[in-house]
Each structure stands twice: as C-alpha cells, then as structure tokens.
Amino acid sequence: MHSRRDLLATAAAFGAAAALPKAALAAAAPAGEAAKMYAMFDKAMAETFRRQPEVPTYLGIDKGPLAWTKSELSDFSLTALAENKANNVRQLAALHAIDRKQLSGMDAVNYDTVDFVLSTQAEGDKKFQYGGGGSGAPYVLSQLTGSYQQMPDFLDNQHVIETKGDADAYMARMEAFGRLLDQEAEVVRHDVGLGVIPPDFVIGKALTQLKAFLASAPADAPIVKSLVRRTGEKKIEGDWANQGSALYAEKIAPALARQVALLESLSGKAVHDAGCWRLPDGDEYYAVSLKNYTTSNISPEEVHKTGLELVKSLGAEADVLMKKAGYTKGTVGERYRQMAADPKQHYPNTDAGKEELLAHLNDQVKVITAKLPQWFGQLPKAPLEIKRVPPAIEAGAPGGYYNSPSLDGKRPGIYWINLRDTATENPRWSLPTLTYHEGIPGHHLQLALNNEAGDLPLIRKVIGFSGYSEGWALYAENLAVEMGMYANDPLGHIGMLHDAMFRAVRLVVDSGMHNKRWSREQALKYYIDNIGDAEASAITEIERYCVWPGQASSYMVGKITWLNARERAKKALGKKFDIRKFHDAGLLAGGTPLTVLDQVIDNYIAAAKKS
C-alpha cells in the first residue's frame, strides 16, 4: 500500500513551495480565472508550509527560503486543530470564488481535484469533532496512528543529515517530538470526553508498541541511533550520542510514558466493538470516510455487495488454476493455507534468509522494468529501493508499503516490506504481486511520474488519493499478468488472484465492521475462511481496518474504475486505442479523485479521436 496515513495522505495535507517557479503551474501562462486559481493555490501552499513544516522535508525542498521548516514540527494542539479547520473553510471559499465554468482541460481537472479535497475535509470537520479533524481515522492513538508510530521513520528516512545545521535541526525536531506527543494526549482526552475510545484490542496493540520504545535505553532508541549513525557517516563533529540520549531521556521518553499511562487508564473503559458505528454519528462517519478514501460516490451497501460478488468470482478463477497446479482438496481458502504452510515456499527467518528475499525482489523488479516500454510511453527517472520495515514498528505495520521519491531527485522511492517472520509469512508465491503493487508498475511508477510531471502545479503533486493510487497499484497487479510475468510462474499467478481476493474480502469486512456491525472475530473468520492467511497476519489486517474506516475499500473500487475507464477508451477509440497513451493520459494528469479520473479519460478520448 502507498503510505496513506503519512503526513501527506490526509485530505487537508497538501502544500507547495512559494520558492519554486510558478512557471511549472501550466504548459502555458495561465490567464483569467485560471490565473486566479493558481494564485489561490500558491497562497494555500504557503499556508500549508507554515502549518505543516514536515511537508517540505517530505518533498526534499526544506532548504533555501524554506530551510527554517527543517527544525519544526506541526502543532497538534486543540487550538491549532481549530485553526486548521477555519483555514480550510477560507481556502474553500477562495476556490469557490473562481468561476469554474470558465475553466477547461487540465485547469478544470486541477480545480475539481482541489475542490474535492477541500470540500471533503470541510464536510468531515463540520460533522465530527474527534480524531484530530476530518474523517478516516477516528483514533489519534492506535497501533497505526500517532507520532510515536510515525515520527521515528520520518526522522530517519525523510530528514536528511548532511551538515551540522541539519543535525541541529534534527535535535530541534526531537525536542518538538516530545511536545507533539503531549499534544496528542490532550486531543485524546478531549475525544474521550465525547465518548471516543479505541477498541480494547487497538489499545492493547498500541501499548505493546509504545512500551517497546520505552524498553530501550535512550542510547538505543531508533531516533538517537539514527542521529549518531548519520552524523558519523558524514563525519560531523559533536557529541551526538550523549546529546541525543540526554534529549531523548528528558523530552521524549517521559512523554511516551505519559501516553502509556493515558492508554492504560482507558483500557478498563474500552469496549470490544470493532466498527466506528458506535462513535458519535458513527454511521455517517463511515460514509464520509468511505467517500474520503474511495473518492467515489459508492455507498456502504454497494461496497458490501460488490465485495461478496468478487470474492465468489475470483475464488472460482483461483480454483481452476489451483487444480491445474495439483491443489485439489478443500476450499480455496484451505488450499491457500496449504500453499502457505509449505516450508519450500518460505525463506529462513534469519538475517541471511531475509537478505535472500530482498535480493529476489530486486531481481523481479529488473525483469518487469525491461518490459515497461511496451506498455508506457513515459517512464520515471527516480530509482526504486527495497527496504525492510524497521523492526521497532513491524508488529503493527502492514505487509508492505511505499514512500514517494523527493521532488529534488535526491531521495529514491522506497518499497518497504515487513519481514517480521519469513518462516511463516511472505511465501514465495505471494511476493511477485506485492512487488508489482508497491514497486513497478504500481506505486513507484505512478508516484514517481506524478512527481516528475512538469506541467502539474505542486499542490497537485502532494495530494494523496487512496482510490486513485491504490486502485492503480491493484490494476498494476492485473497488468503484470498481461505483461507475461506469470507465464512460467503458475503459483505466482495463483498468488496474484489471492491478492485480488484479498482486496475483495476487504470490501466485505470493512463495510461489515463499520456498517453492518460485524465483530472483529466475525470479520477475522470471513477473512481467513476465504483467503486462508495465517491468523497473525489476518489480525494485523482486520485491526488496521478498524482504525482506518473506509481505506481498505479504496483499492478494489479504484481498480474497477481504472478497468472501466480502459474499456470505455478501447470501445470509443477502436483501432486508435494505444495502451501506452492510455496509461500516460491517466498517470501524467496526476493523482485525482476517481470522479475526476473519469473526466481525465474523457479528455484523452476526445483528443485521440481528433488526432
């Protein structure tokens, strides 16, 4: 999955560099209402940098006029959250003051994309007073939300250290991290007053992870070790080990301990119900979250019905291939379990075994990369790196996810794979599809091209849409079949169908828990029965859907939209249809809501007919 819950993934998290040339906003200098719109974008982007100083670091542009942002972190106080809401309302009003009827082509696409972001955020802000604002993540602290879970990775992999000034800025952010942890606790207490407490199993997993951080001596904390390692690599003079350890012990560890105490105090009040239906206006919260993530108008009932139908049809397809491969006994889920239990399908759970697995993934990327020119007109310049999920967060982290390359080209795209137990997870037949999803032609190809598109305004480059991006990555899994990647790998093809079923199952259990009031255990049983995954990984997934209502449904809804758009283009263009031009049209227009993607493809069809 693309890392949807990073700081750029929420509906309001966009920004751009006032320091960057405005000439990049469009192929030709904008005029009239378009010029007003791009000026509004500039203003909104500058405001985002003030309110979210992590964004320039994530983009790799925290230098020059934006160097001040490198030592800052966002304000998550209740006051700042209220200001964020008011700011969003002002930006939406400014956008709506522009006459949309006078815009066409990519100007209209840009308007409609930003309008969806601001409008959906405003809808969530107005209706719900918990979760930090908006929709899609009702619990500020969980096994997957909270700065304790995100900040170590951000500082280690996004905050570049080349100079003493960079290291000093890192230390300033360490101090701000302690403040941020306490602000989150303040918001949690506010939400508890509204009756918003995570389920007991969510609190339990979050406590496990928080206590794991606290169990380390300050010198062994991942944040401190990263500082010491990287200042050492760059030969930056200073007593970074002692300074970092002292700052961690003074500011961060006590704040982590306060979060632990807070969650422990809530444990006795927590219930076991998994869905957000039990929260204030919970049914509506799920509907808005579904809209936020899928960026479509699909209803919870439609999500559930579509999931049930797809699980049935994909299961029938897998059944045929399984029988050809010699797996004939039991249900499809039971046969997937048989395949996963085969020791020959696993790498040893050792450092050497994990290195061998990573080498195998890199080989797969090389093979499919060589095939790309037959399917895409434009290819990304940014390289892809494959890394292991840091052990400190692998217990609650998903099986794989992706971080975009920086806009300055200095940081590659990173495909993270969770290797917590390669002896029981990550069977060989599952790895090709995961790699095509997270890497190429999935997230890396799409998001690197998005970053490198010269005529996109920067505000468009940093808005994340789960329906578009996850839909593309799931479409890419399907595309790998067409590209011949499974011609000599029947088990890998069965693995591809497993992952397609996996996303169909997500539709069922996501809507099941949040709309139909399924229990965690009922969702877990449906999940395991249909795709046969090990209970440990199934629990990680189900509990993930509990804290990100609606996100799990975005994958398959997005894939269906991409496939339907392609069929519509093929039917309309006939012999003029070129798969490379279709892919370029959909990708080089940048990430959009799925409703706007249809508009992009209609524009492509009209232009292709004229040519």
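A short reminder: the numbers here are calculations on the coordinates, not readings from a lab. Small disclaimer: the values here were computed from a predicted structure and weren't measured. Quick reminder, even Gly has a Cβ in these numbers, built from the backbone with ideal geometry, and neighbours come from all protein chains shown.
Numbers for the structure displayed
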quantity	calculated
In the range 257-322, the chymotrypsin sites (Phe, Trp or Tyr not before Pro) that fall in loop regions by DSSP, at most 14 other Cβ within 10 Å	none
Separation between Cα centres of the range 558-573 and the range 90-157, rounded to whole Å	27 Å
Furthest towards positive pole of dipole, Gln522, Ala397, Ala44, structure part the chain, Cβ charges	Ala44
Approximate shape of the range 340-384 as ellipsoid semi-axes (Cα gyration tensor, √5λ), whole Å, largest first	30, 13, 7
Unit Cα scatterers, Debye sum, the range 147-254: log10 I(q)/I(0) for q = 0.09, 0.12, 0.21 Å⁻¹	-0.27, -0.46, -1.11
Gap separating the Cα centres of the range 419-448 and the range 346-389, nearest whole Å	8 Å
Residue exposure sequence - Thr433, Thr331 - by fewest surrounding Cβ within 10 Å	Thr331, Thr433
Linear extension gain, Asp584 paired with Leu563, 0.36 nm per residue minus alpha-carbon span	6.1 nm
Lys, Arg +1 and Asp, Glu -1 on Cβ, resulting dipole of the chain about Cα centre, debye, nearest 20	1240 debye
Neighbour count of at most 14 Cβ within 10 Å plus DSSP loop: longest GluC sites (Glu not before Pro)-free window in the chain	238-611
Charge dipole of the chain about the Cα centre (unit charges at C-beta), most positive-ward option of Ser71, Met322, Ser406	Met322
Considering only the chain, percent of DSSP beta bridges that pair antiparallel, nearest 5	40 percent
Label corresponding to mean projected area of the Cα convex hull in nm² when calculated from the structure given, among (i) 35.8; (ii) 39.6; (iii) 26.0	(iii)
Separation of alpha-carbon centers, the range 167-195 and the range 295-337, rounded to whole Å	43 Å
Descending semi-axes in Å of the range 131-183, equivalent ellipsoid built from Cα gyration tensor	26, 12, 9
Within the range 533-611, chymotrypsin sites (Phe, Trp or Tyr not before Pro) in DSSP loop having at most 16 other beta-carbon neighbours inside 10 Å	Phe577
Selection from Leu144, Gly532, Ala212, by position along the positive dipole direction of the chain (Cβ)	Gly532
The range 344-478 shape via C-alpha gyration tensor axes, a/c threshold 1.5	prolate
Cβ charges +1 (Lys, Arg) and -1 (Asp, Glu), total dipole of the range 430-551, debye	460 debye
